[in-house]
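The values are calculated or read from the model by the stated rules, or taken from the named source; none is laboratory data. Computed from a predicted model, the values in this text were never measured in an experiment. So basically every Cβ, Gly included, is an ideal-geometry build from the backbone, and we count neighbours across all protein chains shown. Side chains are part of the model used for accessible areas, which takes the heavy atoms of the whole protein and leaves out ligands, DNA and RNA. Shrake-Rupley method; radii C 1.70, N 1.55, O 1.52, S 1.80 Å.
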Amino acid sequence: METVILAVVIAVVVLGALGGLVVGSRRKKSLPPPPPAAPDITAPPAEPHVGDEAETPREEPRRTIEEVDLPDGSAPVVVEEPPALEVPEIEVPEPTAGRLVRLRARLSRSQNALGKGLLTLLSREHLDEDTWEEIEDILLTADVGVQPTQELVEGLRERVKVLGTRTPDELRGLLREELLKLVGPDLDRTVKTEPETSKPGIVMVVGVNGTGKTTTTGKLARVLVADGRSVVLGAADTFRAAAADQLQTWGERVGAYTVRGPEGGDPASVAFDAVKEGKEMGSDVVLIDTAGRLHTKTGLMDELGKVKRVVEKHAPLDEVLLVLDATTGQNGLVQARVFAEVVDITGIVLTKLDGTAKGGIVVAVQRELGVPVKLIGLGEGADDLAPFEPEAFVDALIGE
């Protein structure tokens with residue numbers, strides 16, 4: 001019995017010791033952090049209810065409609081007028097009579113290299129073959145052309161041989177006569193703007209871009225207005241950016257009306273409308289500025305021919321002016337040939353003639369096309385387009 005009691009006591013002691021170890025090990029483990037406390041949420045202030053802050057209404061004296069002063073209509077109602085559009089000031093162009101004569105000094109300063117060179121050679125005591133070859137070189141360099149150069153040299157040789165002793169004045173007079181003969185003083189250089197039947201006169205301006213075609217059209221409008229003519233401009237160059245704006249600006253300066261179409265539109269349609277508008281307005285002249293892209297493109301030249309045919313549905317063209325850059329020389333003659341095949345050129349306008357000694361292009365282009373030079377451009381000024389006068393031109397070439 002004692003043995004059993006002893007075994008039970010030992011078992012209780014062992015169980016107690018084991019339980020103490022388990023509890024000690026659990027206490028050594030770190031306890032997890034306590035969960036965060038819930039944040040304090042502040043409730044938004046309550047919206048005031050309607051009337052919470054309203055002031056107690058006070059009684060005020062009220063007037064009847066009979067007691068209220070109403071406007072009697074005597075006071076004027078002020079209405080602001082829109083600002084007036086600024087109308088461009090119309091300029092008064094310089095008269096055309098004698099314009100080239102007044103510009104002769106400018107022309108002679110840049111052109112008389114031809115005349116001075118010829119006079120220097122002709123003044124030599126002995127005119128041998130070498131001298132005559134030098135004379136030919138000067139003429140060819142001035143773009144006179146091969147055939148006209150040969151004619152001029154032959155005429156000079158014959159006149160000098162007959163004349164014998166030569167004074168400076170005699171040489172100048174001799175050279176002037178021979179040059180005038182080449183330029184052609186008897187050619188009709190009138191810009192035809194007065195049709196035989198009814199108004200308006202129709203003038204078409206053609207040429208390659210860069211020759212001053214649109215500017216020449218605007219300057220020609222000034223020339224006509226200066227002579228007392230009314231003008232309508234047709235901006236049929238619809239493919240070059242700002243060409244229509246440029247032409248319209250020229251027209252506004254002298255009071256000429258401009259007909260234009262959408263950019264890239266049909267040039268023939270614009271030309272047709274310009275002639276129609278000119279008839280309805282009773283204008284004296286219609287000037288049509290055509291597209292001037294590369295003359296080597298066949299389709300574009302066909303387009304120019306279409307413009308001419310469409311315009312002639314209204315009335316026949318009175319004038320077709322070809323604008324050429326005097327500085328381009330033989331290339332200008334190539335352009336002239338191509339345009340002459342598409343439209344019947346009736347006159348030539350030479351621009352930039354004041355900046356080169358190549359005055360002989362006047363002779364060459366007239367021989368090439370068989371039509372006269374009618375206008376020349378002598379500078380960048382608005383009134384620097386002048387009717388071509390052979391005598392004044394030759395005098396400028398050989399100097400005073």
**Request:** Rounded, prolate or oblate: pick one for segment 207-290, where a ≥ b ≥ c are the square roots of the eigenvalues of its C-alpha gyration tensor, a/c under 1.5 means rounded, and failing that, prolate if a/b is larger than b/c, else oblate.
**Result:** oblate
**Request:** Would you mind calculating the gained length between D137 and N209 on full extension (0.36 nm times residue separation, minus the Cα-Cα distance), in nm to one decimal?
**Result:** 22.8 nm
**Request:** Putting +1 on Lys and Arg Cβ atoms and -1 on Asp and Glu Cβ atoms, find which of G305, I345, V320 reaches farthest to the positive end of the dipole of segment 258-400.
**Result:** G305
**Fill in**
With DSSP loop assignment and no more than 14 other C-beta atoms within 10 Å, the trypsin sites (Lys or Arg not before Pro) in segment 122-165 are R124
**Complete:** Rounded to whole angstrom, the alpha-carbon centroid of segment 237-272 lies from that of segment 311-346 at a distance of 20 Å
**Request:** Can you send over the solvent-accessible area of K276, 1.4 Å probe, protein chains only, in Å² to the nearest 10?
**Result:** 100 Å²
**Prompt:** If the cut-off is 28 Å between C-alpha atoms, which lysines fall inside it for K352, apart from same-chain ones fewer than 8 positions away?
**Reply:** K116, K181, K192, K213, K219, K297, K308, K374
**Message:** As a test question: what accessible area, to the nearest 10 Å², does S283 have when a 1.4 Å probe is rolled over all protein chains in place?
**Reply:** 10 Å²
**Item:** Spacing of the two label points (7 Å from each Cα toward its C-beta) at I5 and K181, in nm
**Value:** 17.6 nm
**Complete:** Quick calc: nm separation of the 7 Å Cα→Cβ label points for A241 and I90 -> 3.4 nm
**Request:** At 1.4 Å probe size, with no ligands or nucleic acids counted, give the accessible surface of E303 in Å², nearest ten.
**Result:** 50 Å²
